[in-house]
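These notes are about the structure you will find just below.
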Amino acid sequence: MERVQSTNLHAYILIAIALFLSLSRSSHATKQFNVLSFGAKPNSIDDSAPAFVKAWDAACGSTDAAVIYVPKGRYLVSPVRFNGVGCKSLNIVFRIDGTLVGSEDYMFLGKEANWLSFERVSGVSVIGGSLDAKGPSLWSCKASSSNNCPAGATTMSFVESSRIKVKGVLSLNSQMFHIVINRCRDVKLDDIQIVADGKSPNTDGIHVQLSTDVEIRNTSIKTGDDCISIGPGTKNLWVERVKCGPGHGISIGSLGKDREEEGVQNVTVKKTVFVGTDNGLRIKSWANPTSGFVQRVRFLDSLMFNVKFSIIIDQHYCPHNINCPSQESGVRINDVIYQGIRGTSATKIAVKLDCSSKTPCTRIRMKDINLRYANEAAQSSCVNVLGDSTLGNLVKPQACF
């Protein structure tokens, strides 16, 4: 009798364990939504945007984690918004094995400000795939000085979103900015490739503004504007192992466009490589009164190869010298460290700090700077700068610090 009871107890325990494991698995289930099932056509001809929206709505309505799967193929996709308001799923992954393409007709995407727009989403990841916006047709229109060219579309934007991951994505020939992070929190970008012609207009690689806790790692950017641009309201930004060139460098700014403007703070840029860029590490602001500021910035361990201005602060920024402000910049730049910046300069002056006479740059510190021009020590130029520095082999003007 005792043996029978023991056997029954053992069976009950096994059943309970199996039930627990089954419930555990179901509570962590992931549902997959293949865009082909919603009508997407991998033929580069039929617009698959409606199918992408239907797949998003289905994933959004799921109470489980969801994967929106885009198989191999080329999908013509018109501008589309993915809105997270009311989403039940807390984890949605776009897994892209194919290529999303725009049209040679630049109005196909250019009629909207964004191509792929994620708005008020949380817990969204975009993994893999290529995004080809077919930007050259719009660039040609702009080069012709026509007044009928649209501004163009940003390839991928995230607005008012949190817990975002983008990994292994190739952005090719964006009409305007490639990736924009705006009013977001907790964003991780990793293993991104960005490619556009070195003369393509306004094709910033990654633009961050009004956002907190953003990481950009292991990324290669070739474009016609800033590789990374850091706008007002950026806080706690970490950039590491980024290769830039061609392009305009990694820039904080431009700032000071508006009188009331949020500041930029807690920015670290390290282990970066610049090849043939117009600038390396740049801070730029317009010569306007403003409440904006830059503080606690660290530029560490950068390699420069034939870069025009490896280190530059430009507080009289006016890119086309048209209708330039005649005042002094009110942007307060404080507590900036440059350390371990080395390589070759394309200009005799490799370090140019042109700060505001109204609000001079303060606590600008340099250490282990080694930049050469034509096999000689490069030079530096500093105006309205207060701080301490060890400029390495740079010629240090008496007016610097």
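The values are calculated or read from the model by the stated rules, or taken from the named source; none is laboratory data. As the structure is a prediction and not an experimental result, all values here were calculated from the model. Neighbour counts run over all protein chains shown; Cβ positions are idealised from the backbone, glycine included. Each accessible area value is taken on the protein alone, full model and side chains, heavy atoms only, with ligands, DNA and RNA left out. Shrake-Rupley method; radii C 1.70, N 1.55, O 1.52, S 1.80 Å.
Can you run the Rg to Rh ratio on region 96-201? Use alpha carbon positions and the Kirkwood inverse-distance Rh. Rg/Rh: 0.99. Looking at region 85-178, which GluC sites (Glu not before Pro) are DSSP coil and have at most 14 other C-beta atoms within 10 Å of their C-beta? Sparse-neighbourhood loop GluC sites (Glu not before Pro): E104. The figure for R95 is an accessible area of roughly 100 square angstrom, using a 1.4 Å probe on the protein chains alone.
Quick check: from the Cα gyration tensor, does region 139-197 come out rounded (a/c under 1.5), prolate or oblate? It is oblate, given that a/c is not under 1.5 and a/b is not larger than b/c.
For a test of the definition: using alpha carbon positions, the gyration tensor, and the 1.5 limit on a/c, classify region 119-161 as rounded, prolate or oblate. Oblate shape, in that a/c is at least 1.5 and b/c is the bigger or equal ratio. Only aspartates and glutamates eight or more places from K41 in sequence, or on another chain, were considered; those with a Cα closer than 20 Å are D57, D97, E104, D105, D132. By accessible area, using a 1.4 Å probe on protein heavy atoms only, the chain has 50% of its surface on carbon and sulfur. Modelled spin-label separation between A143 and R95, with each label point placed 7 Å from Cα along the Cα-to-Cβ direction: 4.1 nm.
For the residue pairs K54/K235; K111/K167; K31/K167, alpha carbon separations beyond 24 Å are given by K54/K235; K111/K167. With both labels modelled 7 Å from their Cα along Cα-to-Cβ, the S78 to N43 distance reads 1.8 nm. Distant-in-sequence amide contacts of F33, defined by a placed amide H-H separation under 5 Å and a gap of 5 or more residues or a different chain, comprise V67, I68, Y69. The lysine pair tally for region 274-387, using Cα distances under 18 Å and a gap of 8 or more places or different chains, is 6. Kirkwood analysis of the Cα pair distances in region 185-319 returns a hydrodynamic radius of 14.5 Å.
Straight-line reach from K270: taking Cα to Cα under 17 Å and skipping same-chain neighbours fewer than 8 places apart, the aspartates and glutamates in range are D190, D191, D213, E215, D226, E240, D301, D335, D368. Could you give me D for the chain, from Stokes-Einstein at 4 °C and 1.567 mPa s, where the hydrodynamic radius is the Kirkwood radius over C-alpha pairs? Units µm² s⁻¹, please. Calculated translational D: 56 µm²/s.
Counting other Cβ atoms within 10 Å of each Cβ, which trypsin sites (Lys or Arg not before Pro) in region 271-373 have at most 16 and sit in a DSSP loop?
K348, K358
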